[in-house]
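The values are calculated or read from the model by the stated rules, or taken from the named source; none is laboratory data. Remember, predicted model here, so these are calculated numbers, not experimental data. With ideal geometry, Cβ positions are generated from the backbone for all residues, glycine too; neighbour counts draw on all protein chains shown.
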Amino acid sequence: ARLEPGVGVKGGPLKPEITITYIAVSAIFFNSGLSLKTEELTSALMHVKLHLFVQIFTLVFFPTAIWVFLQMLSITPINEWLLKGLQTVGCMPPPVSSAVILTKAVGGNEAAAIFNSAFGSFLLGSSSSVPFTSIFSQLFMTVVVPLIIGQIVRRYIKDWLERKKPPFGAISSSVLLMIIYTTFCDTFANPNIDLDKFSLIIIVFIIFSIQMSFMFLTFLFSTRNNSTFTPADTVAIVFCSTHKSLTLGIPMLKIVFAGYEHLSLISVPLLIYHPAQILLGSLLVPTIKSWMVSRQKVRIVGFDL
């Protein structure tokens, strides 16, 4: 992506505006519809405590904590518009695709991840001035419809799926690899990140620090002794609570900051946060998966005792 960003950039040979935005995302949720048991989806809808945790963390705690953090950074020589951009990142809802793919790759509560990612986008989009109708239509066609079709198809080939056990995880990982590649192509090709190296390094360091800190924080909260969350729930919580949507974020920034000469600088943190969350999440998949499997074994042994 760094050597030849034009290959995977929008309008390039791979046509990510079609292959990723529509085909890949639709494939992810069709895949989810095939692999998820209907009772798991129904159960996820009723998991109110998990939904409240994710939505309160991502839409209330996250932006508040970032605001407090930025008050301390305001006395530093970091560009004030980059700091304003960090604040806007904190206000974004979770993305629909990456949080679900990573949760699925680990083996977490995929149904809960689907619900919270879509609900977060719906909640924030409906209360803002973004072109909600077009965004909702895209979400419906690429998320809801493929998921429902997958569930319908599953009813007819359920026995075959349970017998053959298709590599749903490998399919999701392949799609994730495509998303990572095209995202970095967009990042390297975007003139908005043409900043001095010092500013870029500082912002990248801050963003990775924020992500690591909040992932660790959500992990601690969801695994404390009096928590009723399962290890699979924790996985969904960690990814959904800390990821932020570029798809909804960019239209919001263009509308809220229309006419601002510093719009490109305000957009930089979100343009960095998006590939960073996918890269960091992908690197942590094996570690989180090992933890979840070990915890599930402990729970099974505890029930047996």
**OP:** Taking residue 121 as the residue in question, decide whether it is at pLDDT below 85 and buried (at least 23 other Cβ atoms within 10 Å of the Cβ).
**Re:** yes
Original post:
How about the stretch 2-53: which of its residues are part of a helix (DSSP H, G or I), within 27 Å of residue 223 (Cα to Cα) and within 21 Å of the chain's Cα centre (by Cα)?
Top reply: 32, 35, 40, 41, 44, 45, 48, 49, 50, 51, 52, 53
**OP:** Given the conditions (1) modelled with pLDDT under 80; (2) in contact with a helix residue (DSSP H, G or I) (Cβ under 7 Å, 6 or more places away or on another chain); (3) surrounded by 14 or more Cβ atoms within 10 Å (Cβ to Cβ), report the number of the one that residue 27 does not fulfil.
**Re:** (1)
Subject >> Enumeration of residues in the stretch 254-288 that are modelled with pLDDT under 75 and part of a helix (DSSP H, G or I) >> reply: 254, 255, 256, 263, 264
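Out of 213, 199, 209, report the one residue that is more than 30 Å from residue 37 (Cα to Cα), of a type outside the set (A, V, I, L, M, F, W, C), more than 23 Å from the chain's Cα centre (by Cα) and part of a helix (DSSP H, G or I). Lay out the reasoning, then the answer.
On the way: 213 fails: more than 23 Å from the chain's Cα centre (by Cα); 209 fails: more than 23 Å from the chain's Cα centre (by Cα).
Unique residue meeting the criteria: 199.
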Original post:
Can you tell me which residues in the stretch 74-89 are in a helix (DSSP H, G or I) and free of Cβ contacts under 8 Å to residues at least 60 places away in the same chain?
Top reply: 80, 83, 87
Original post:
Hey, among 33, 8, which residue is surrounded by 21 or more Cβ atoms within 10 Å (Cβ to Cβ) and within 27 Å of residue 149 (Cβ to Cβ)?
Top reply: 33
**OP:** Tell me, yes or no, whether the stretch 74-95 has at least one residue that is more than 30 Å from residue 31 (Cβ to Cβ), at pLDDT 85 or above, among the β-branched types (Val, Ile, Thr) and surrounded by fewer than 17 Cβ atoms within 10 Å (Cβ to Cβ).
**Re:** no
**OP:** Could you check how many residues of the stretch 232-249 are hydrophobic (A, V, I, L, M, F, W, C) and at pLDDT below 70?
**Re:** 1
Subject >> Scope the stretch 183-209; condition more than 30 Å from residue 74 (Cβ to Cβ) and modelled with pLDDT of 80 or more; matching residues >> reply: 185
Original post:
Got a sec? Which of 172, 129, 134 is more than 18 Å from residue 278 (Cα to Cα), modelled with pLDDT under 75 and either part of a helix (DSSP H, G or I) or of a type in the set (Asp, Glu) (or both)?
Top reply: 134
